[in-house]
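Below is one structure, written out as structure tokens, with a few remarks after it.
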Amino acid sequence: MRIAEEKLKSLLLSSDILDEADYQAAKDESVMSGQNILDVLMGQRIITENYLAEILQPYFGVKIVDLKDETIAFETLEMLPETFAKARNAIIFEFDAKKKIAKLAMVDPLDYDTIEFVRAKFDCWVEVYYTTLSSFKYGLKQYKKKIGSDFNKIVSENIEKSFSLVNDQEAGLAKMAESIPIVSILDSIIEHAVVLGASDIHFEPLVNEILIRYRVDGIMQEILNMPKIITPILVARVKVLANLLIDEHRVPQDGRFKFELEDINIDIRVNIMPVFHGEKVEMRLLKSSARPLTLEEVGISPTSIEIVADEIKKPHGMILVTGPTGHGKTTTLYAILHILNKPTVNITTIEDPIEYEVSRINQTQVNTKSGVTFANGLRSLLRQNPDIIMIGEIRDSETVDIAVHASLTGHLVLSSLHTNDAPGALPRLIDMGAAPFLLSSTINMVISQRLVRKICSSCIESYSITADVKKMISSQLALTGHDGKKGMPERFFRGKGCKICNLTGFHGQIGIFEVFKISEGIRDLMLKMRPVGEIRKLAIKEGMRTLFEDGFSKVEKGITTIEEVLRVIKE
């Protein structure tokens, strides 16, 4: 954005939304992390994107447009190629051929070179509109709509072409996997998943067909059914890309490959598992260019962030993040590492897979084929003299033993674990062989989390709460150790469903959290090997906010729904 730093600072300070100290803190963070200062301010939720637009709009002197509210004709959109639109952060969202007027949405309305280019190219008057970055990114997604509209057509055409391959007795499986129809089918499936924002793609063989499903915002969606006859070739294509054994069908295989969709680089983690009717393929899509989120962005409350900030200042001990697979544990660990990542410390990780690439952090990928497991990788990296260690996941007794002793010998150890709640991490580690007296000396904090779907901001509406819902909420609060008489609003929020959220009423995900600080009282109960229920009661008495309480607070704020919170807590 072409705005002088001093002018930007003046506009922000005059808004009274932040003071000089807030601005300087954000400036320091931007220098350390390499981010734009506005990204830092919005990431820390000091300022919202929409409020920032209101501050900057008088300076730019143009109208504001939200492309989420605009229906853009595809021929209008294509007036500017997608590559040009991305490079210049500008989209033509309306064009009047008779009056020769082009309405141009720009993230930087002071980019006069782009304005003059559009005017000269189409010999028209250009009406400039200011749009936010998220609005612009939504506009860019309209270029991808053609992928969605052509998806079924492309796949069905190439399925027909694939039949001739199957009937070719001389063509081997490897050769068929490299054929244009099969390549086109798989590429289309992956591209369509990226457009929909899917995190996983599943190929599930049934009796007479293969089912393609995506996981979008944590929920599985059926996308396509294909003839069973092409299943072996399609699976072989995935194996070729992931460098797996094509002729091995009896044992599970793991691999990964990279997929490029224009300027988006996607790291795809592959698992192939033998099932009753063939081989099931699961592909996890990881955008390798994505930056680690902040604690505020993942959804941790300000009160809990203060607890986390205090605990990570300790030079040694263990910090654990727990929850089911796919609920953002690694993202939270990286949010913590983002705070700890300073030039004065040596941070080393052992991960499977490496989901974010971060400068100044030494990251090692688990590779079982080469003998690099969590346990022996951790043992080796301790010889690198690290100050902070992150272990992607604690899976076995050997890893537990090394991690505990590393935290006892002056290292801060971060890791993840699979348990239902935060206090449940303690018996889980004991089951893995950790001694209670060692755990009481090493664990500083446990964070339990779930991901809930966020209400779509474009179609949010309020509704009255029924007596039955109030009774259910009271009973849930009572289960967490409260009397269930918490004050309750008369109205909640939900999404009606619109084109932006694909009629689901939800768009995106956010975490709900349980931050369990290990106090002296908790340590005493651990040494006495008291039941986890007793430990949980004391933690709540000492102020621990449960998953339901944190989720309920987000329901009250209109971030998610009560049904979503109950769904993930009961998983």
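The values are calculated or read from the model by the stated rules, or taken from the named source; none is laboratory data. This is a predicted model, so every value here is computed, not measured. Using ideal geometry, Cβ is built from the backbone for each residue, glycine included, and neighbour counts are taken over all protein chains shown. The accessibility values were calculated without ligands, DNA or RNA, using every heavy atom of the protein model including side chains. Shrake-Rupley method; radii C 1.70, N 1.55, O 1.52, S 1.80 Å.
Taking the numbered list (1) modelled with pLDDT under 95; (2) closer than 22 Å to VAL366 by Cα; (3) charged (D, E, K, R); (4) open to solvent by less than 50 Å² (accessible area, probe 1.4 Å) in turn, ASP254 passes all entries but (4). Among residues of segment 280-299 being touching a strand residue (DSSP E or B) at 6+ places or on another chain (Cβ under 8 Å) and modelled with pLDDT under 95, the one that is most open to solvent (accessible area, probe 1.4 Å) is LYS287. Listed conditions (1) in contact (Cβ under 8 Å) with a residue 24 or more places away in the chain; (2) more than 22 Å from ILE180 (Cα to Cα); (3) not polar (S, T, N, Q) are all met by ILE233, apart from (2). Of the residues making up segment 512-540, those that are out of contact with any Gly (no Cβ under 9 Å at 6 or more places or on another chain) and either exposed (fewer than 14 other Cβ atoms within 10 Å of the Cβ) or in a loop (DSSP other than H, G, I, E, B) (or both) are SER519, GLU520, GLY521, ASP524, LEU527, LYS528, MET529, ARG530, PRO531, GLY533, GLU534. Taken together, ILE518, ILE465 contain a single residue that is out of contact with any Leu (no Cβ under 8 Å at 6 or more places or on another chain) and over 30 Å from GLY317 (Cβ atoms), which is ILE465. When we screen GLU357, GLU398 for residues that are surrounded by fewer than 20 Cβ atoms within 10 Å (Cβ to Cβ), touching a residue at least 60 places away in the same chain (Cβ under 8 Å), out of contact with any Leu (no Cβ under 7 Å at 6 or more places or on another chain) and of a type in the set (D, E, K, R), the only hit is GLU357. I want to confirm something. Restricting to segment 232-288 and keeping residues that are in a strand (DSSP E or B) and among the β-branched types (Val, Ile, Thr), which single residue is nearest to LEU206 (Cα to Cα)? So the residue we want is VAL275. HIS316 satisfies every condition listed in (1) free of Cβ contacts under 8 Å to residues at least 24 places away in the same chain; (2) under 19 Å from LYS517 (Cα atoms); (3) open to solvent by 60 Å² or more (accessible area, probe 1.4 Å) except (1). Quick check: anything in segment 22-41 touching a helix residue (DSSP H, G or I) at 6+ places or on another chain (Cβ under 7 Å), modelled with pLDDT under 80, open to solvent by 60 Å² or more (accessible area, probe 1.4 Å) and under 23 Å from ASP111 (Cα atoms)? Yes; the residues of segment 22-41 include at least one that is touching a helix residue (DSSP H, G or I) at 6+ places or on another chain (Cβ under 7 Å), modelled with pLDDT under 80, open to solvent by 60 Å² or more (accessible area, probe 1.4 Å) and under 23 Å from ASP111 (Cα atoms).
Looking at segment 340-354 only, could you name the residues that are more than 12 Å from LEU412 (Cβ to Cβ) and open to solvent by 20 Å² or more (accessible area, probe 1.4 Å)? Residues satisfying the conditions are LYS342, PRO343, THR344, ASP352, ILE354. Tally time: how many residues in segment 185-215 are open to solvent by 20 Å² or more (accessible area, probe 1.4 Å), closer than 21 Å to VAL452 by Cβ and either of a type in the set (A, V, I, L, M) or part of a strand (DSSP E or B) (or both)? Of the residues in that region, 4 qualify. Inspection of segment 265-272 finds no residue satisfying the criterion of being surrounded by fewer than 19 Cβ atoms within 10 Å (Cβ to Cβ) and more than 27 Å from ASN367 (Cβ to Cβ). Of all residues in segment 541-565, those satisfying the criterion of being surrounded by 18 or more Cβ atoms within 10 Å (Cβ to Cβ) and part of a helix (DSSP H, G or I) are LEU547, PHE548, GLU549, ASP550, GLY551, PHE552, LYS554, VAL555, ILE562, GLU564, VAL565. For ILE3, the conditions (1) open to solvent by 40 Å² or more (accessible area, probe 1.4 Å); (2) modelled with pLDDT under 80 all hold with the exception of (1).
The one condition from (1) modelled with pLDDT of 80 or more; (2) touching a Gly at 6+ places or on another chain (Cβ under 7 Å) that ALA478 does not meet is (1). The residue that is farthest from GLU282 (Cα to Cα), among those in segment 322-372 that are in a loop (DSSP other than H, G, I, E, B), among the charged types (D, E, K, R) and in contact with a Ser or Thr (Cβ under 7 Å, 6 or more places away or on another chain), is GLU357.
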